[in-house]
1. If r is the Cβ-Cβ distance from Leu37 to Ala176 and R0 is 25 Å, what FRET efficiency results, to the nearest 0.05?
2. Show the residues, 5+ positions off or on another chain, whose built amide H is closer than 5 Å to the amide H of Tyr136.
3. Restricting to Cα pairs below 8 Å that are 6+ residues apart, what does the relative contact order work out to for the range 30-147? Please round to a whole percent.
4. From the square roots a ≥ b ≥ c of the eigenvalues of the alpha-carbon gyration tensor of the range 31-113, which class results: rounded (a/c under 1.5), prolate (a/b over b/c), or oblate?
5. May I ask you to evaluate 6.51 cos²θ - 1.76 cosθ + 1.60, the Karplus curve with θ = phi - 60°, for each residue of the range 85-94 and list the ³J(HN,Hα) values in order in whole Hz, giving x for glycine and proline?
6. For a bin width of 5 Å, list the pair-distance distribution of the range 124-215 built from all Cα-Cα distances, rounded to whole %.
7. If eta is 1.567 mPa s and T is 4 °C, what Stokes-Einstein diffusion coefficient results for the range 52-158, Kirkwood Rh from Cα pairs, in µm²/s?
8. By how many nm would the segment from Val81 to Val104 lengthen if fully extended, with 0.36 nm per residue of separation less the alpha-carbon distance?
Amino acid sequence: MTTPSRGQAALPHPRRHASADITVLAGLAVLTIMVCLRWTSGLDRTLLDSTVSRQDTVMSIAARLVVWGGQFWLVGLVCGVGALLLARRERTWRPALAVATVLVSVNVSVFVLKWALGRTAPATGHDLVFAGGASYPSGHAATGAAGLWLLAALVSAWLGRRVTRSAAAGVAVAAALVGAATVVLGYHWPTDVLAGWLLGAFGARLGHRLWYLHEVGTRHTPADPAGAAGVNDPAGVAAPRLHMIGHRS
């Protein structure tokens, strides 16, 4: 039986929850169609007005602080540095690849949807689509959902612990607060935020799959074959045997 490496987060196999990917994408597709048909305009206006009307100085300051959790450059910088440090320690490129793939794919998807729908922001006073706007979906909500999950995975991997349900719940709460802050500040319509959450959730699922590959590679590859083989085997002759044992465990 092999001992998990320090950087191993031990996530469950992503195939066990493949239906979640389909559900998230289907939800995003349905929501996008509803926004295009303007079926959500009334609800968006009602929710936005009720939220903004309750805003006070303290709530505004808190929202402006929380919304930083969805800034792409900030989340990307923190996750990128963490991934590079972990990759250097584990001697594998997989953590850096997972982080880069998720952040880039999520933000490219946000850009494409913004350009395609052209939804106007609440600040314009109108809820229009195909009008040259860039409100749908919320990039803050998407980056918050995907980026904060990556951050939790990186911290857990560095500490050699699992990404527990409590940690996942904490990420969900933090992402929810980031998205809600954009509505409080009047940056986005509520359905913009919901779409961002769904897109970020799919990005987190993608990160889950890539991270699983990192775990499998870490679990089946000795971190120091020569050291594991012992001082009497400086050439690492025993390394293949240890590698095979790792596969049987």
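1. Working: r = 26 Å, r/R0 = 1.05.
Between Leu37 and Ala176 the formula returns 0.45.
2. Arg119
3. Values: 110 pairs, mean separation 31.0, N = 118.
Answer for the range 30-147 is 26 percent.
4. Numbers: a/c = 4.97, a/b = 1.73, b/c = 2.88.
Oblate.
5. Using θ = phi - 60°, the values come out as 5, 5, 4, 5, 5, 7, 6, 8, 7, 4 Hz.
6. That works out to 3, 15, 22, 20, 15, 11, 7, 5, 2, 1, in percent per bin.
7. Details: Rh = 15.5 Å.
Calculated translational D: 83 µm²/s.
8. On the way: separation 23, 0.36 × 23 = 8.28 nm, distance 1.52 nm.
Contour length minus the Cα-Cα distance gives 6.8 nm.
Read-outs: derived from the displayed coordinates by stated rules, not from any lab. Quantities reported herein were computed from a predicted structural model and do not represent experimental measurements. A quick note on method: Cβ atoms are made from the backbone with ideal geometry, for glycine too, and the neighbour counts reach across all protein chains shown.
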